[in-house]
Structures are given as structure tokens and as C-alpha cells.
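See structure below.
The numbers here are math on the coordinates, done by the rules we state, and not lab data. All of these numbers come straight from a predicted model, not from anything done at the bench. Please note: Cβ atoms are built from the backbone with ideal geometry, for glycine as well, and neighbour counts cover all protein chains shown.
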Amino acid sequence: MAVAQETLYFFPPAPSPDAVEWSGTPIGRSNVVTRTRSRTRQHNKMVDATPGLRERLINSAIAHIVRHAGREPIALHDVVIHGIRVRAITNSAHLIEFWRQNWYDPEEWQRLTGTPAPKEPQAIVYALGGVEGEEEAAYYSRETNTIVFFNTSYYGQLKSWVLGAVGRILAAKYGIHSIHGACVEHNGAGILYIAPTGTGKSTSSYGLIDHPGSRFHSDDWVYVRYARVTKSGLRLVPLQIQSASGDLVEGFRCHQWLAENPCSKGTAYCLDLNNQEITVDLAEFDLSQPLEAYAYTSEKIFYLRSNLVENFPDAADAILRADLENVPAPSPDFLETNRAMIDNLVSEVRASKNTGVQERLAGLPEEKLRWLIAALFAFDNARAMLDIGEVLPQSRIFTNPMEPVQLTRVFLLKRDPSDSVVLQALPLDRFMERLLIGQTPDGRREIAYNAYRAVDDATEQKTIQTLEEAAAKDGVTLYREFLRAPLLPDSLIEEFTLFRYLYEATLCYDCNTILQRDPLISSKKEAVRLTLQLVLRGCENRDRNLTLTLENYRQHLRG
């Protein structure tokens, strides 16, 4: 009989009804419990559509700060996220600690990249608890790039909204694509995984690290720059085009304009791959060469699910020395129900060749080690602020946020047991359709596989539903209907212009992580191992018609 969800783990009770964060079960360097452990019930990314709302929210935040001046600590800290300076103002000790660890401060950014940070913030976050008269809620103003969080201190939502806001700035001004995905370099080429939550993105990216010639790049978010090759061999990302006929084109629209106006005269203001500004004549671009896509990492320290230990036990030592968020105490029911998995993970930890794992974990008493391992995956949304340099050698990771890797393969992950296809090279229409209708294993839709996007989700979902109905009626693909639609949200036009560039620059696959359905597979671990082999074969493949199913994939792997 299945164990009820609420009996699988326990959190310490809140010290008071209005507490938004408190100390959790002692584990790791710290372990904070947040009252909200997912997205707030009230959230509004269309603040600008309501006259006066943005001003009221900011005034409420400032009034709280002034009212409590000298009685509660207020932290103000600037970070740089892919060249964009973002300021956080908060009274949450938990949020500011995770914020400082997660991103590069302006001095670190300049030291690592050689590029000075902007002098003033281009986005501002107010995150305040204990605000009287305000609901637990999150707000975003696109016009002013301002985020306001009231009475919640769950870092996951704060991080995602900040990334979304920065992404909108980067796309509109610089043509840089922000993607919710994981990236690994293998033999000098970049592999990008784009996936809804729970379909194996982190598992696939960390799994490849065991293969020679691999370097870990990003766990959750990448910035992609689309470059044109010049006749002198430079790779340039156009920021702005000034044509001789008077056209002024900026940001993500530049590449499309170049393709549609190949003989136009004028000037392009660009960035090279090292972030240096370069101005060239339009005639310098070699438009016969395909677009190239280059990925850059985002985070300094990775904010990730602690259940990573399920597929990467060597990470347990580093996670248990990190700052944690919402790691519970596993219940006796959980320990018993998951006994086989816990025992297997404990065995792998004891057999680890990692020196730190051996020194700090392998010698622990059996029950203590089992409890620690179980705690890390008992609650699916438990998090750790993990320094990947504590898990992998420096030579196996990207440490400079401005070091690019050229993307050659993209894998759209899904987990659909009703579909027997496990790997398929995608034509453009199918690639775009899969992005337009992303779906998590529990059936929740995620447009563009990106729940972080700073847009009005309801409006976009309604648009997609209307397009689906029209495509079915007209007998055309969803993407064709998208292209001829007279009115679309600007955010969707922006996103799918950029995704078309990604398709042009890479070979894209649909990867269905369901190999556990294969009757010859005896464990999840074996299924993961074979899925990674499929990914590597996909990296070697040049056939844009490749399709592998549960029935024939083994034959392909043997060949």
C-alpha cells in the first residue's frame, strides 16, 4: 500500500504564524525552512497593465524599510548576471546569503572576465518579509525591470524571476538568448539539454561528466549568443544595425534582418565572443556561412535539487557541507519504503574513489549515513547551494562566465511512456511545436520549456490554445499557424525568433527518457547509462532523419 505523501518527511514547525523562514533539521552547513516552498499563490508579471500598481508596491516596500529602520537588518547587494547588474534589497538573512553565493559580485565579475560591471543596476529586487497589509505575493514590472516579493523567502522563485527579467533585457538589447537548460562540453563541442522539470536534465548533464573529454558547463540556465562569421574569420554577435537606407534594427531581430536583406549597405555594431565591442561594415558578413551558437554559464555556485544524489552519489559529500533549503527529516515510512534505493546509494558512497567522500562519509555508522542520504531526496524540492568545484576538478568545469562553448547538439527531453520513440532528429516545425507545448511528467504545460520567463503566462497559454485549434482546423502544423498568425505577444515572437536561430546553428533531437520500459533493463541506473549512450550517439550522428525506438535502439548502440 502506498505511503501517504505527508508521512514521507517532516519539517520543524514555524516558530510563529507569520514567520517566513526558520531553522530546519540540522543538516549541511545550514538548513533553512521557508514557509513557501514553491511559487507563491499570488503572482503578477503584468504589473504595468494596472495603473498605479507598480508605484504602490514600491512605496509599500520603501515604507516598510523606513518604518523598521534600526530595528531589523536590511541588506543591499549588487551582482552581475551575464553583464547585467542586479540589485537585491531584502530583510531575509536566507535570501541574501543564497543571493551572494549564487552570483558574481561586480569585483569578481571584472576579475574573472576583464570587463567592468555597469555602474548602476539595470534591475532591482525588493524581497521583504513581515510586511503588514501585504499578501504573500510576487510582482514584476517589465517597464522598470523591478521585482517585488512580499512575505516569502523561497529562493527558487526569486532566482527564477530574476533570471527571467535579465533574460528580457538581454534579448531586446543584445540579442542574447536566455534558456532554461543544462549544458556539457564533450570533446570540445557543447551539448544543450532543454527540458521541463522532472524529465532528467540534471541527471543527463552530470552523467556525461564520467565520460573522458567532458567538462561541466551549466546546471540550470545558459546564455546563448548567435554569431555570424565575417570574411576575415571573426565571430560577431550584432547588437544594432544601421542601414544606409535608414533602417535601425536592434537585439534579437538583427540576424533575421541580415538574412532578409543580404545586399544592404550599412554598419553593424557587434560584440565578439570575448565581449569586446566591434563595428563592421555589413558587407563584411559572410552570409553563406551558417549561424553559430555559443553558450555561456550563468551561476557562480549552483542552486540545485539535493536529490541529485540519487544519480550522482559522489555529490553527497559536497551537498552535506553546503547551505541547504527545505531539506526535511525523512520519516521511518520513507526509510522503509525506499530501503533498497537507500542501501544502494550508501554502498556507492562507501565504494567512492572521491577522497572527500571517503574521509567524511564512508566511515559513518550505517544508520546515520542512510538517514543523511535519505534526507537529501525525501522532498523533491529540497535544494542545495552547491559549489561544483567541490565535486569535480577545476579542469572539468567552466569557471569563467565569459568562456564560450560552441553548441552543436540540442536535446529536448521528455518523459512520455505512451511514446515508444526514444531518440529522433527533429525537423524545424516539430522542434518548434515541442517548445510551444512543453509538458512536465505530471501533465503541466511549460511554454518554450521555460517556466522562468518574465511574461504573462495566462495570455501566452491562451494564444497557444487558439493556435492549436486553428492549426487543427486548417490542417497545418502548429508552427506554420504560428508564423501566419496576425497578432502574437511580443514575448513569443522574441522567444521563437531566437529558437529558430538555435535550430539553424545545431542539430536538434527529441529524447524520451523512458528506457526503464525496456524489459531487459533491471534498474534506473542502467536506464540512465543507456540514455547517456544514446546522447553520445546523437552527438556523432549526422542523419537528420534518425529515429530510434524501444525496439531498435540497442541495435543502433551496438553498431
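Going by the alpha-carbon gyration tensor, a ≥ b ≥ c the square roots of its eigenvalues, is the stretch 405-558 rounded (a/c under 1.5) or, if a/c is not under 1.5, prolate (a/b greater than b/c) versus oblate? Write out the running numbers ahead of the final one.
Numbers: a/c = 2.04, a/b = 1.76, b/c = 1.16.
Taking the square roots of the gyration eigenvalues as a ≥ b ≥ c, the stretch 405-558 is prolate.
Applying 1/(1 + (r/R0)^6) with R0 = 60 Å to the Cβ-Cβ distance of residue 490 and residue 558, what FRET efficiency is obtained, to the nearest 0.05?
Working: r = 49 Å, r/R0 = 0.82.
The calculated FRET efficiency here is 0.75.
At a Förster distance of 25 Å, what's the computed FRET efficiency of residue 76 paired with residue 97, Cβ-Cβ distance as r, to 0.05?
0.95
Could you pull out the trypsin sites (Lys or Arg not before Pro) across the stretch 205-295 that fall in loop regions by DSSP (anything but H, G, I, E, B) with no more than 15 other Cβ atoms inside 10 Å? List each step's numbers first, then the result.
Numbers: sites: 215, 225, 228, 231, 235, 253, 265; in loops: 231, 265.
Passing sites in the stretch 205-295 are 231, 265.
If you plug each phi of the stretch 93-101 into the Karplus form 6.51 cos²θ - 1.76 cosθ + 1.60 with θ = phi - 60°, what whole-Hz ³J(HN,Hα) values come out, in order, with x for Gly and Pro?
Couplings: 5, 5, 5, 5, 5, 5, 4, 5, 6 Hz.
Enumerate the amide H contacts of residue 266 below 5 Å, restricted to partners 5 or more residues apart or on another chain; note that Pro and chain-start residues carry no placed amide H.
Amide H neighbours of residue 266, under 5 Å, 5+ apart: 244, 282, 283.
Under 5 Å between amide H atoms, partner at least 5 residues away or on a different chain: which partners does residue 437 have, H built in plane at 1.01 Å?
Counting only residues 5 or more places away or on other chains, the set is 448.
Using 0.36 nm per residue of separation minus the Cα-Cα distance, give me the extension gain between residue 286 and residue 256 in nm, one decimal. Mind dumping the intermediate values first?
On the way: separation 30, 0.36 × 30 = 10.80 nm, distance 1.44 nm.
Difference between extended and current length: 9.4 nm.
Quick one: of the DSSP bridges fully inside the stretch 28-187, what percent are antiparallel, nearest 5? Don't skip to the end; give the middle numbers.
Working: 13 of 26 bridges.
Within the stretch 28-187, antiparallel bridges account for around 50 percent of the total.
Just need the relative contact order of the stretch 42-174 here, percent rounded to a whole number, with Cα pairs under 8 Å and 6+ apart.
26 percent.
Quick one: Karplus J couplings for the stretch 294-305, per residue in order, coefficients 6.51, -1.76, 1.60, θ = phi - 60°, nearest Hz, x for Gly and Pro?
Each residue's phi maps through the Karplus curve to give 10, 9, 10, 6, 10, 9, 7, 10, 7, 8, 9, 5 Hz.
Give the long-range amide H neighbours of residue 423: residues separated by 5 or more places, or on another chain, with amide H under 5 Å away, using H modelled in the peptide plane at 1.01 Å from N.
When sequence neighbours closer than 5 places are left aside, the close amide H contacts are 512, 548.
What full-extension length gain, to one decimal in nm, is calculated for residue 399 and residue 211 as 0.36 nm per residue of separation minus the Cα-Cα distance? Show your work: numbers first, answer last.
Working: separation 188, 0.36 × 188 = 67.68 nm, distance 1.96 nm.
Here the segment from residue 399 to residue 211 would lengthen by 65.7 nm.
Round to a whole angstrom and tell me the spacing of the C-alpha centers of the stretch 1-60 and the stretch 362-440.
Each part reduced to its Cα centre gives a spacing of 24 Å.
When DSSP beta bridges are limited to those with both residues in the chain, what percentage is antiparallel, rounded to the nearest 5?
Details: 73 of 101 bridges.
Antiparallel bridges: around 70 percent, rounded to the nearest 5.
Go through the stretch 78-121 and name the trypsin sites (Lys or Arg not before Pro) that are in a DSSP coil and have 14 or fewer other Cβ atoms within 10 Å of their Cβ.
119
Take the residue pairs 159/368; 119/201; 45/473; 119/300; 159/201 and return only those whose Cα atoms are more than 28 Å apart.
Beyond 28 Å between Cα atoms: 159/368; 119/201; 45/473.
Computed over the Cα atoms, what is the radius of gyration of the stretch 42-174 divided by 2.2 N^0.38 Å, N being its residue count?
1.04
If r is the Cβ-Cβ distance from residue 62 to residue 16 and R0 is 22 Å, what FRET efficiency results, to the nearest 0.05?
Values: r = 25 Å, r/R0 = 1.14.
My answer for the efficiency is 0.30.
Label residue 23 and residue 474 with points 7 Å out from Cα along Cα→Cβ: what is the distance between them in nm?
Roughly 6.2 nm, to one decimal.
Would you work out the relative contact order for the chain, in percent, from Cα pairs under 8 angstrom that are 6 or more residues apart?
Rounded, it is 16 percent for the chain.
Ordered by residue, what ³J(HN,Hα) values in Hz, to whole numbers, does the stretch 33-46 give under the Karplus form 6.51 cos²θ - 1.76 cosθ + 1.60, where θ = phi - 60° and Gly and Pro are x?
Once rounded to whole Hz, the list reads 9, 10, 4, 9, 10, 7, 5, 4, 4, 9, 8, 9, 9, 10.
Which lysines have a Cα less than 24 Å from the Cα of residue 265, not counting those fewer than 8 places away in the same chain?
Cα-Cα hits under 24 Å: 173, 231.
In whole Å, what is the distance between the alpha-carbon centres of the stretch 237-311 and the stretch 168-184?
11 Å
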